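The values are calculated or read from the model by the stated rules, or taken from the named source; none is laboratory data. It should be emphasised that the depicted structure is a prediction, and the values quoted were computed from it without experimental measurement. Neighbour counts are summed over all protein chains in view; Cβ atoms, including those assigned to glycine, are modelled from backbone coordinates with ideal geometry.
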Amino acid sequence: MRKVGFGLASLIPLVAVAANAAPKKPSLELLGTYHTGIYEQGAAEIVAYDSRTQRVFVVNAAATTVDVLDIRNPATPTLVATIDASALGDSANSVAVKDGLVAVAIQAAVKTDPGLVAVYDSGTLQLLKTFPAGALPDMLTFSSDGKSIVVANEGEPNDEYSVDPQGSVTYIDLKKGLNKAVVHQIGFSQFDAQRDALLAKGVRLFGPNASVAQDLEPEYLAFSADGKSVYATLQENNALAKINLKDRKVEAILPLGTKDHSLPQNAFDPSDRDGGIHIGNWPVNGLYLPDSIASYKVNGRTFLVTANEGDSRDYDGFAEEARVKDLKLDPVVFPNFAALRADAAIGRLTVTRTLGDIDNDGDYDAVYALGARSFSIWDENGKQVFDSGRAFEDLVAEIAAPDFNSDHAENGTADTRSDNKGPEPEGVTLGEHKGRTYAFIGLERQSGIVVYDVTNPTQPEFVDYLNNRNFMVDTTLEDGSVNPLAGDLGPEGLVFIEAHCSPTKKPLLVVGNEVSGTTSVYELRFR
């Protein structure tokens, strides 16, 4: 297990200490891990916690099941039951728990068909109700008062890109109870006539022959502070959507802009063929393309935290990825284009070929990388108030140089992800303890967890990093199963358990790791 405490904070660029910082700093300590033994099949993805039963519900996507873990003793998480939803669809994609109800998002056998939401009793695990959702329900969550469920329906196309359903958000109104719930499907068709205006603002719309409603793909959701609105990450579109639940319509599409990697605070390592760690500045624009999103309230205002993973459309019928060396660069904009295209420069950097030919003359006047290798904080209007810049790569380079920018499926892969999203932040959750708010960000490829104090959204403070991964062993055994000594690989879903809800009466963090098929429980300790 590799770990760094608060003492490293001064080494991380763009990290300012909040003026009202608490006297004690938190750190993560591993308590226990549940092993499925299943390798690289999504056996532990999204996690949710039920304080009534002190159980953790873990999505096993490939098996269309939800594992139920007893964590009354967090040192020994124990499988006590499994919810089998395979009769309802092809894949379980997300799980959420509130007030004794367990909601599971289930993808249809044909992913372009509408999916559904199944609701179970958290104690008996009995199926109580199902509700229709949109195509490819990818994430769902309850409102804080438990009176609604919202679902992000990604609406991905089929592999040939011949069928492309509309993205949407399902709003299940539970105010009158589960049996009298009202379901609303909220789509984006109102924006079909605004395509040119959205493109001009920076929203990515590029699916072949797709309308705006087909092109927008909600990935992850978070409620506003007052519970009246929901924000959705539109990952491939590099934007957020704000949904008004009272009016049951999308209120706004908020483009996120790009990150200038030529600035010192945004330096990164763009090559897996440069002989090691070389974090520097390059004429590259980073697309944020956030996956997870979480929200919190500061002085009555909503702030949004995103993990800027990056994602691309890669189908048999359409693929956007290219390497810089495969693009024709404008010789006026890039007079050193030959040097830039070298493997040790940015030649092997994965970029999109859908952007950059600004003057439509057949060459690229700008290059756009997929993902920003950071986490960001935005206000309720989608204005960025903080970005962690180069901090994640600097952090890993400082304390884990031999394993810098490794892949999550295999050890001995240092630097192999530098050309493609680096440490790849994907999951994020927030937790509050004694008046402080903390962000926990999972680095999917590096497999570590970064902790920031985000109490002041404009001046987050780095406080801890833990990586429960053993880089010194093979990740698999001879039979192809995961090596239990390898630790956690590929953190996907994270959930924070407040002290008053915790079986130990201390704050906990639970992380589902999709590659290693492990679920780990950590305690947030203060020193």
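Numbers at a glance
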item	result
Residues of segment 28-64 satisfying the condition of being under 25 Å from LEU221 (Cβ atoms) and assigned to a loop (DSSP other than H, G, I, E, B)	GLY42, ALA43, ALA44, GLU45, ILE46, SER51, ARG52, THR53, ALA61, ALA62, ALA63, THR64
Counted residues, segment 372-391 - those being more than 15 Å from the chain's Cα centre (by Cα), within 18 Å of SER292 (Cβ to Cβ) and crowded, with 24+ Cβ neighbours inside 10 Å	2
Filter result for LEU355 (touching a strand residue (DSSP E or B) at 6+ places or on another chain (Cβ under 6 Å), part of a loop (DSSP other than H, G, I, E, B) and either on the phi > 0 side of the Ramachandran plot or of a type outside the set (Val, Ile, Thr) (or both))	yes
Residues being over 21 Å from ASP415 (Cα atoms) and under 30 Å from the mean Cα position of the chain (by Cα) - total across segment 327-351	1
Long-range neighbours under 7 Å by Cβ, at least six apart or interchain, first residue in contact (Cβ under 8 Å) with a residue 40 or more places away in the chain within segment 130-146, second in a loop (DSSP other than H, G, I, E, B) and of a type in the set (Gly, Ala, Ser)	PHE131/ALA181; GLY134/GLY155; LEU136/GLY155; SER143/GLY227; SER144/GLY227; ASP145/GLY227
Qualifying position, being touching a residue at least 12 places away in the same chain (Cβ under 8 Å), at positive phi, in contact with a strand residue (DSSP E or B) (Cβ under 9 Å, 6 or more places away or on another chain) and not in a strand (DSSP E or B), among GLY382, GLY362	GLY382
Criterion (among the aliphatic types (A, V, I, L, M), assigned to a strand (DSSP E or B), in contact with a strand residue (DSSP E or B) (Cβ under 8 Å, 6 or more places away or on another chain) and buried (at least 23 other Cβ atoms within 10 Å of the Cβ)) met by exactly one of ALA103, ALA81	ALA103
Residue that is among the hydroxyl-bearing types (Ser, Thr, Tyr), out of contact with any strand residue (DSSP E or B) (no Cβ under 9 Å at 6 or more places or on another chain) and surrounded by fewer than 24 Cβ atoms within 10 Å (Cβ to Cβ), where the choices are THR413, THR429, THR437	THR413
Residue count for segment 318-346, restricted to those that are buried (at least 18 other Cβ atoms within 10 Å of the Cβ) and under 18 Å from ILE279 (Cα atoms)	5
Scope segment 471-506; condition surrounded by fewer than 24 Cβ atoms within 10 Å (Cβ to Cβ) and either touching a Leu at 6+ places or on another chain (Cβ under 6 Å) or of a type in the set (Val, Ile, Thr) (or both); matching residues	VAL473, THR476, ASN483, VAL495, PHE496, SER502, THR504
Flag for VAL396 being without any contact (Cβ under 8 Å) to a residue 60 or more places away in the chain, aliphatic (A, V, I, L, M) and within 24 Å of PRO26 (Cα to Cα)	yes
Any hit, segment 270-282, residues being closer than 24 Å to THR429 by Cα and surrounded by fewer than 23 Cβ atoms within 10 Å (Cβ to Cβ)	no
Some residue of segment 160-181 being more than 19 Å from PRO290 (Cα to Cα), free of Cβ contacts under 8 Å to residues at least 24 places away in the same chain and among the aliphatic types (A, V, I, L, M)	no
Test: residue in segment 455-465 that is charged (D, E, K, R), under 21 Å from LYS297 (Cβ atoms) and touching a strand residue (DSSP E or B) at 6+ places or on another chain (Cβ under 7 Å)	yes
Residue check for ALA267: at pLDDT 95 or above, touching a Pro at 6+ places or on another chain (Cβ under 8 Å) and buried (at least 19 other Cβ atoms within 10 Å of the Cβ)	no
Candidates LEU443, LEU466 - the one that is more than 16 Å from the chain's Cα centre (by Cα), under 25 Å from ASN483 (Cβ atoms), at pLDDT 95 or above and among the hydrophobic types (A, V, I, L, M, F, W, C)	LEU466
